[in-house]
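Visitor: Quick one: structure below, then a few questions.
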Amino acid sequence: MNTTRDPRLPRPMDLAREVAQLEHDGHPFAVGQRIAYDVRVYDYKKDRTHDERQEAVIVELWIEDWHGRDLPYAECLTDEGTASRVWFHRDKPGTPMGVTGRIDPNALF
């Protein structure tokens, strides 16, 4: 177990193992990579939910053993420093895309 974890990150799932990289749906993911992912948001004024696209940097990658099925997830930090857990089977993570395509990690705007 990593004893120097960022205190903003939640406790790892039971029976999960930490990895440095993984592949999901044919796409490689690694610690330090910037990803975009969907977040389900509830709008109480309209009493409905919608998906919003957010971006963050992967801080840790984990694979949970869920009843014999491997479920990968990432612990991420947003640009504001907020911790977010991204489940690969649910949150549809991918590389952030701009209007003209993939955004380079050190791009200036």
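The values are calculated or read from the model by the stated rules, or taken from the named source; none is laboratory data. All of these numbers come straight from a predicted model, not from anything done at the bench. We work out accessible area using only protein heavy atoms, side chains counted, and drop any ligands, DNA or RNA first. Shrake-Rupley method; radii C 1.70, N 1.55, O 1.52, S 1.80 Å.
Visitor: Over its Cα atoms, what ratio of radius of gyration to 2.2 N^0.38 Å does the chain give?
Guide: 1.14
Visitor: Report, to two decimal places, the Cα Rg of the range 6-57 normalised by 2.2 N^0.38 Å (N = number of residues).
Guide: In units of the globular-protein estimate, the range 6-57 measures up at 1.53.
Visitor: In sequence order, what are the phi-derived ³J(HN,Hα) couplings for the range 51-59 according to the Karplus relation 6.51 cos²θ - 1.76 cosθ + 1.60 with θ = phi - 60°, rounded to whole Hz, with x for glycine and proline?
Guide: 8, 10, 8, 10, 10, 7, 10, 6, 9
Visitor: Would you kindly derive the ³J(HN,Hα) couplings of the range 16-33 from the backbone phi angles with the Karplus curve 6.51 cos²θ - 1.76 cosθ + 1.60 (θ = phi - 60°), listing them in order in whole Hz, with x for Gly and Pro?
Guide: 9, 10, 7, 10, 8, 7, 7, 10, 9, 6, x, 10, x, 10, 8, 4, x, 7
Visitor: Separate question: Per residue of the range 36-42, what does 6.51 cos²θ - 1.76 cosθ + 1.60 with θ = phi - 60° give for ³J(HN,Hα)? Whole Hz please, x for Gly and Pro, Karplus curve as stated.
Guide: Along the range 36-42, the couplings run 10, 8, 8, 10, 7, 10, 9 Hz.
Visitor: So, taking all protein chains as they sit and a 1.4 Å probe, how much accessible area belongs to residue 66, in Å² rounded to tens?
Guide: Using a 1.4 Å probe on the heavy atoms, I get roughly 120 Å².
Visitor: Let me ask you something else. Please list, in chain and number order, the residues 5+ apart from residue 19 or on another chain whose amide H is under 5 Å from its amide H, with Hs placed from the backbone.
Guide: Counting only residues 5 or more places away or on other chains, the set is 61, 62, 63.
Visitor: Right, another one. For a quick check: with amide H placed at 1.01 Å from N, whose amide H comes under 5 Å from residue 66's, ignoring anything fewer than 5 positions away on the same chain?
Guide: HN-HN under 5 Å from residue 66: 71.
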